[in-house]
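Single-structure report; data block below.
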Amino acid sequence: MCSLPFLENGMKNNRFVAAVLIPGFLFLILFAVFPVAYGLGISLYDYNPANSQNPFTGLENYRRLIHDEVFWLAVKNTIVYCLAAVTANIVITLFLAEIISVLPSKWMKTMFRTILFIPCIAPMVGTSTVWKYGILGTDGGLLNKIAGLFGIAPKNWFLTTWQMLLLIIVFTLWADIGYNVVLFTAGLEGVPREFDEAAAIDGAGPVKRFLWIKLPLIGRTFAFVAIMTMANYFQMFAQFRVFAANGGRNNTAMVLTNYVFKMSFDSFDMGYASAVAAALFVLVFMVAMAQNKLMRSDWSYE
Amino acid sequence: MKKKLAGALLCVSMVAALAAGCGSDSGSGSGSDSGDSGEKAESSEGKTTLTFWCHENEPWVKSYKEMAKKFEDANPDYTVEVQDYPFKVYNDKIQTTLTSSTAGPDIVAVWGGTAPSFIASDALAEVPEDLVKELEEDYLAPTLGIYQKEGKYYGVPMEFNLEYGGMIVNKKLFGDTPYPTTWEELRKVSKEVSKKNGDIVEMKGFEMMDSDSLICNYLAMILQQGGQYLMDDGSIDFATPEGVKAMEEILDMYRNGECDLENLTSGEYGFNDVYQDKGYMASVGSWGIGEGTDTYGLTYGEDFEYVPVPQYGDEMAFASETGWGIIVPENGANKEAAWEFVKFFSEPENLVQHNIACNQLPPRKSLLDSEEYKEAMPNVTFLLDILPSGQWMGPYNTSDMRGIFNQMYMDLCQADNPDVEGALKEASDQITEECQIGYSMD
């Protein structure tokens, strides 16, 4: 029997790769793929797990979805929130990352990155609660105290409509920018200095150099940050639950994640909640695919 | 060989770490000390352990523990483990445990307003016949309504929940001024003492704008005018002349700056303001007294008192929803023993002690004349006289009903030219459509 050494090595490698990957795949199937498929299945039933009978209703939950005004409001709010928050996040984090990357000393860079990263470590439920009572609180909240210094009467922010959504966006930016600052700083520091210096010699100012040299060169980092932040923001939940558990005044701060929770655990209507979750899944998937296509870059400066 | 051995050891240690990390957490409740309640049944001493779930409330949990101890003394074969959870997650926990195919807690204290969600499923055990006889003979009608499904009972009331009828008054702020005894006097005092700044009323007059009190006072105001909101076909209609008049009165209180909407938006109770010297009077059930003495450390009679809310209409009438009760999950491992505990708890001589400890009103007719209760609770005995004037709030999920009603009220307060009748009609239709219990009670 003849033996081919390269084939034997290949088989060994395959076995090793399989041994490494199979547990990961099993984990993924068990805790990601299966729940998604199970959730899609549930959306076809009038489902309450405590019931002895959960009748199959076909597409009834999806038909209900189409006629549900609160659902469409939640879709609109989710999209507005994501577009505004992700855009603001990227602009602010790029600006901060650029400033940090040009700082002269390493310890200063580390210090600023650490300071900005601290809110990312804290649990969002906790920081949301601190903001709800400490900053936005009607009686004694920081915002109303500052307003008072300028002679402005205290305001109950939880009675507002679009302002509530704006405050949630501000909170999200405070809580979440640190992560993207770190990513962008790493991206900017990876750009070879020669490009920047060449542009400077040609007479380009710092703004032009950033916009036309550095920004295109960190295209891959930019695409990663934009896709991940967008996908992440579509699933933001804690701050909405804390600030506007019932969706705020006239549901102006109701987003899809909170609506899923409300339908599941306030109304115990889990079949319908699964249909809403399926709609959210489709929305995130479509946006991620579109972003991926738009931001694809086929080059490298390396 | 050494490398292989090291690799194998590394793999084993990683698997062990993963297993440990993914292992279930034992003892989730603050009173827990025995791990997963589904695994219990018998302790090492051969005793049967019953798990009792309740929500966090200091005097209530203390009373449950005392009742458990008393039951253990009378029934040496049992131990009762009381586990309490924050109210915000409590209903989710109950829902989750009822969905489990294995046994969870044996006995669960449940808020009547959310009970229909659990009763609608087949996850609760039916109340035994001997206890049903007692329920029908000796319990006041408003306490029972919500625990019925198709003529059967799935819960036993522990209290008569009355969010109307009494108010906490700040004795220090009132000083020598007598408390109001008529509705007109109440409004006059309320207008005089209140002080508004922007969206905040820094000193509140009469407060009934919180998630519990608002709807209860509003319904009482309709009924006391001789009106009705519960129609013969089971639907809700607030847009009656009495309903509109009552709503105009409540809106007037907001417009006059006697109270604000802060408690409605934050989910807090109005009596907190009275206890913090930021309000004169706040409508609340008698349970609010315990918050003053236990949570705020105030002295009844010196710092505050609990007195009747002056009647709005000519005749005493109010609507009440079923209060806290006890349910037994169908998947419980010790259902018979659990019902034994419920029967023990419900015995008049035991129940009255629990009602006293928790500042609750008794649900049993036979306890309305209890000397023990009147002696221990002289400050709330005036409520015992009005209990027979109460009607059940109706076959509705009252938690959802409150959400819609409170939202409508806040919208009316914020509107420049509110269409009160139109808003009441819209809210009535929404409540009828979305909150009506989907099963037959009889």
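As a quick test, which of the pairs A:106/A:293; B:335/B:374; A:262/B:69; A:262/B:365; A:76/A:132 have an alpha carbon distance above 28 angstrom in this structure? With Cα atoms farther than 28 Å apart: A:106/A:293; B:335/B:374; A:262/B:69; A:262/B:365. Between the listed residues B:95, B:392, A:225, the Cα displaced farthest toward the positive end of the dipole of the protein assembly as shown, a dipole computed from Cβ unit charges relative to the Cα centre, is found at A:225. Once backbone amide H atoms are built at 1.01 Å from N, residue B:49 has B:41, B:42, B:43, B:79 as its partners under 5 Å, excluding neighbours fewer than 5 places away on the same chain. What angle do you read, to the nearest 10 degrees and between 0 and 90, between the alpha-carbon axis of helix B:58-74 and the longest principal axis of chain B? It is inclined by approximately 50 degrees. Scanning chain A for DSSP H helices at least 30 Å long along the axis (C-alpha atoms) with a Kyte-Doolittle mean no lower than -1.0 picks out A:5-28, A:69-101, A:162-189, A:270-294.
Size of segment B:64-123: Rg and Dmax of its alpha carbons, in Å, are 13.4, 36. Simple rule: put +1 on each Lys or Arg Cβ and -1 on each Asp or Glu Cβ in chain B, find the dipole, and look at B:64, B:367, B:317; the Cα lying farthest toward the positive end is B:64.
Restricting attention to the protein assembly as shown, close to 60% of DSSP beta bridges with both partner residues there are antiparallel.
The fraction of Cα-Cα pairs per 5 angstrom bin, counted from 0 for segment A:63-294, comes to 1, 6, 12, 15, 15, 14, 12, 10, 7, 4, 2, 1, 0, 0 percent, rounded to whole percents.
Once backbone amide H atoms are built at 1.01 Å from N, residue B:85 has B:54, B:55, B:56 as its partners under 5 Å, excluding neighbours fewer than 5 places away on the same chain.
Basic side chains Lys and Arg get +1 at the Cβ, acidic Asp and Glu get -1 at the Cβ, and with that the dipole of chain B about its Cα centre reaches some 1640 debye.
Listed by Cβ neighbour count within 10 Å, with the fewest neighbours leading, B:320, B:389 appear as B:389, B:320. Based on every Cα atom in chain B, Rg and the maximum pairwise Cα distance Dmax equal 24.4, 95 Å.
Considering only A:230, A:111, A:11, the Gaussian network model of chain A with Cα springs below 10 Å gives its largest mean-square fluctuation to A:11. Considering only Cα atoms, the convex hull volume of the protein assembly as shown works out to 247 Å³ per residue.
Across the options A:288, A:79, A:97, the greatest Cα extent toward the positive end of the charge dipole of segment A:63-294 (unit charges at beta carbon of Lys, Arg, Asp, Glu) belongs to A:79. Charge dipole (Cα centre; +1 on Lys/Arg Cβ, -1 on Asp/Glu Cβ; no other charges) of segment B:96-209 amounts to roughly 880 debye.
Counting only other chain Cβ atoms within 10 Å of each residue's Cβ, the peptide A:154-160 averages 6. Basic side chains Lys and Arg get +1 at the Cβ, acidic Asp and Glu get -1 at the Cβ, and with that the dipole of the protein assembly as shown about its Cα centre reaches some 4980 debye. How would you classify segment A:77-204 from its alpha-carbon gyration tensor, with a ≥ b ≥ c the square roots of the eigenvalues: rounded for a/c under 1.5, else prolate if a/b is greater than b/c, otherwise oblate? Prolate shape, in that a/c is at least 1.5 and a/b is the bigger ratio.
Put simply, the Cα atoms of segment B:151-269 extend 52, 35, 30 Å along their principal axes, the longest span coming first. Counting Lys +1, Arg +1, Asp -1, Glu -1, what net charge surrounds residue A:76 among other residues with beta carbon under 14 Å of its beta carbon? For residues surrounding residue A:76, the net value is -2.
Per-residue ellipticity at 222 nm, computed for the protein assembly as shown from helices alone with -39500 (n - 2.57) per DSSP H run of at least four residues, works out to -16000 deg cm²/dmol.
Counted by neighbouring Cβ atoms within 10 Å, the residues A:176, B:77, B:92 run from fewest to most as B:77, B:92, A:176.
Gaussian network model of chain B, Cα springs within a sub-10 Å range: biggest mean-square fluctuation belongs to which of B:58, B:150, B:207? The residue that fluctuates most here is B:150. For segment A:228-302, the alpha carbon convex hull comes to 117 Å³ per residue, rounded to a whole number. Residue exposure proxy: A:31, A:281, B:271, ordered by other Cβ atoms within 10 angstrom of their Cβ from fewest to most, comes out as A:31, A:281, B:271.
Where a number appears in this text, it was derived from the coordinates with a stated rule and is not lab data. What you see is a predicted model; the values in this text were computed from it and never measured. Backbone-built Cβ (ideal geometry, glycine too); neighbour counts: all protein chains shown.
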